[in-house]
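Chemist: Following this message is one structure expressed as structure tokens.
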Amino acid sequence: MTKVLIDACEAVVTMDDAGTEIPGGSILIEDGVIAWVGSGEPAGAEDAERVDGRGAVALPGLINTHHHMYQAMTRARAQADVLFGWLEELYPVWAHLSAEWERAAARVALAELALSGCTLSMDHHYVFPTGVTGLLEAEIEAAREIGLRFHPCRGSMDLSEKDGGLPPDSVVQDTDTVLAETEEAVRRFHDPAPSSMLRIAVAPCSPFTATERLMREAADLARRLGVRMHTHIAETLDEEAYCLERFGRRPVELLDDWGWLGPDVWLAHCVHLNDRDIQRIAETGSGVAWCPTSNMRIASGIAPARALLDAGATVGLGVDGSASNDAGDMIGEVRQGLLVSRAGMDPKAMSVREAIRVATRGSAACLGQDGEVGSLEPGKRGDIALFPVDGLAFAGAEADLVAAVVLSSSRRVRDLFVEGRLVVEGGRLVNADEDAIAAEGRRVGSTIAGQM
């Protein structure tokens, strides 16, 4: 049995149902599972490997519910466009996607996430240029290298510009190919075990890039295979106008018609919702991936996260793709969500602890993994982020160091455990060379920029 004792943290923030926080708390992990959380030292810890928690706050590992990792190689583009214009500029660039590009981008994206306290991430990969193979495999390999839990979505687009969609022909596939390759990906990679490091979801891109047939049959496929479903919805007013003109339905109504609401579904963005949409999302148990930075970066609006939470909906946090966020900073996204919630001049619209809960318990529920991760409790997996609170940014914050983790400027995690194994130690990746990842990313990014 492998044992790790994280000892004497400044605080252990359990995110259990009671919101328990333990000053000076410690955590014992046995064979990748949290065995004990409390004060002092538990019985049986004598032979445990010890990690000094002094000067750090322990949080459940943060969980990212929406991303497009390939976009890490196309940051800082389309800087003054809304979503449709942003996509129209970037689709021709993404048509050149390769396995080398995907691998470099995923390594950059996953390294950024790990260093900002993320232990579990999804990825929504929906661009499969004709003749290009090995894309999903490349990012799965990158996640194994970095050491994060990974829940990639086999995304898809089958509605091109000539058929009334937005993307060009070069980045869409035919419906039968999509469905066959999606089923193959699930059967090949999905591991439903509690200790799983890899699960797969089914994820047609959106109503303006996927046909009704694909949306309906993808839902049937996911439910037959017992995996989760994900898509974009209600991100912009342009999308709402498109759905009303083409289908005579608002975006969430359209998903409801197509069988895309339910406890096995989580939806990206949900910015433009009316009261009925919010009620329907909540009553069906559908999850929402809230992406505040991306929504502001491309001027989509501010999602009604507070209203969704008050209605009882499941809300998690996502950084979104690195071309609409330009970063993959999970703890920074927690801060962003907190601040944008207060932009309506209500300082009580969201508290620090609520923002952390969204990024942990809420995100875990979106991914269907709330029984395994998202809180620091006995029986949960040993996914833990230790954030340093002993530096310059925290001087003067001694009254509430937990709040300071979100409110103050330091971003890099000190130590990160996934399944009880160190993935980040002393602010550096354990399993990969950060400098080499950055160099490879710059090289591939330069090549892409030179082709355009």
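The values are calculated or read from the model by the stated rules, or taken from the named source; none is laboratory data. These numbers come from a predicted model, not from an experiment. Cβ atoms come from the backbone with ideal geometry, glycine included; neighbour counts cover every protein chain shown. What goes into the accessible areas is simple: the full protein's heavy atoms, side chains included, and nothing from ligands, DNA or RNA. Shrake-Rupley method; radii C 1.70, N 1.55, O 1.52, S 1.80 Å.
Chemist: Go through segment 48-81 and give me each residue that's over 26 Å from Arg381 (Cβ atoms), open to solvent by 40 Å² or more (accessible area, probe 1.4 Å), more than 22 Å from the chain's Cα centre (by Cα) and in contact (Cβ under 8 Å) with a residue 12 or more places away in the chain.
Modeler: Asp81
Chemist: Which is of a type outside the set (Phe, Trp, Tyr), within 20 Å of Gly32 (Cα to Cα) and without any contact (Cβ under 8 Å) to a residue 40 or more places away in the chain, of Glu377, Glu419, Glu398, Glu425?
Modeler: Glu425
Chemist: Filter segment 10-47 for residues that are charged (D, E, K, R) and under 29 Å from the mean Cα position of the chain (by Cα) and give the result.
Modeler: Result: Glu10, Asp16, Asp17, Glu21, Glu30, Asp31.
Chemist: Looking at Thr65, Thr74, can you tell me which residue is more than 28 Å from Thr314 (Cβ to Cβ) and of a type in the set (S, T, N, Q)?
Modeler: Of the residues listed, the single one that is more than 28 Å from Thr314 (Cβ to Cβ) and of a type in the set (S, T, N, Q) is Thr74.
Chemist: If you don't mind, there's one more thing I want to ask. Given Ala193, Ala185, Ala210, Ala201, which one is in contact with a strand residue (DSSP E or B) (Cβ under 8 Å, 6 or more places away or on another chain) and within 17 Å of Leu367 (Cα to Cα)?
Modeler: The conditions single out Ala201.
To keep it simple, each residue is scored yes or no on (1) closer than 22 Å to His151 by Cα; (2) assigned to a loop (DSSP other than H, G, I, E, B); (3) not β-branched (Val, Ile, Thr).
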site	(1), (2), (3)
Gly285	yes, yes, yes
Gly312	no, yes, yes
Gly316	yes, no, yes
Arg353	no, no, yes
Ile356	yes, no, no
Thr360	yes, no, no
Gly368	yes, yes, yes
Ser375	yes, yes, yes
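Chemist: So which residues in segment 343-382 are open to solvent by 10 Å² or more (accessible area, probe 1.4 Å) and closer than 18 Å to Ser116 by Cβ, if there are any at all?
Modeler: Correct list: Val352, Arg357, Gly362.
Chemist: Could you list, in sequence order, the residues of segment 16-29 that are closer than 16 Å to Gly61 by Cα, touching a strand residue (DSSP E or B) at 6+ places or on another chain (Cβ under 7 Å) and surrounded by fewer than 23 Cβ atoms within 10 Å (Cβ to Cβ)?
Modeler: Glu21
Chemist: Within segment 161-276, which strands (runs of 3 or more DSSP E) (wholly inside it) include 1 or more residues that are under 28 Å from Gly312 (Cα atoms), open to solvent by 10 Å² or more (accessible area, probe 1.4 Å) and touching a residue at least 12 places away in the same chain (Cβ under 8 Å)?
Modeler: 229-233
Chemist: Does segment 179-194 hold any residues that are modelled with pLDDT of 95 or more, within 23 Å of the chain's Cα centre (by Cα) and of a type outside the set (Asp, Glu), and which are they?
Modeler: Thr182, Ala185, Val186, Arg187, Arg188, Phe189, His190, Pro192, Ala193
Chemist: Looking only at segment 84-96, count how many residues are without any contact (Cβ under 8 Å) to a residue 60 or more places away in the chain and open to solvent by less than 40 Å² (accessible area, probe 1.4 Å).
Modeler: 1
Chemist: Six or more apart or on different chains, Cβ under 9 Å: which pairs go from a residue in segment 31-43 that's surrounded by fewer than 16 Cβ atoms within 10 Å (Cβ to Cβ) and among the hydroxyl-bearing types (Ser, Thr, Tyr) to one that's assigned to a loop (DSSP other than H, G, I, E, B) and at pLDDT 95 or above? Could you list them?
Modeler: Correct list of pairs: Ser39/Gly24; Ser39/Gly25.
Chemist: Another question, then. Quick check: anything in segment 107-119 without any contact (Cβ under 8 Å) to a residue 60 or more places away in the chain, touching a helix residue (DSSP H, G or I) at 6+ places or on another chain (Cβ under 7 Å), surrounded by 24 or more Cβ atoms within 10 Å (Cβ to Cβ) and of a type in the set (D, E, K, R)?
Modeler: No, every residue in segment 107-119 fails to be without any contact (Cβ under 8 Å) to a residue 60 or more places away in the chain, touching a helix residue (DSSP H, G or I) at 6+ places or on another chain (Cβ under 7 Å), surrounded by 24 or more Cβ atoms within 10 Å (Cβ to Cβ) and of a type in the set (D, E, K, R).
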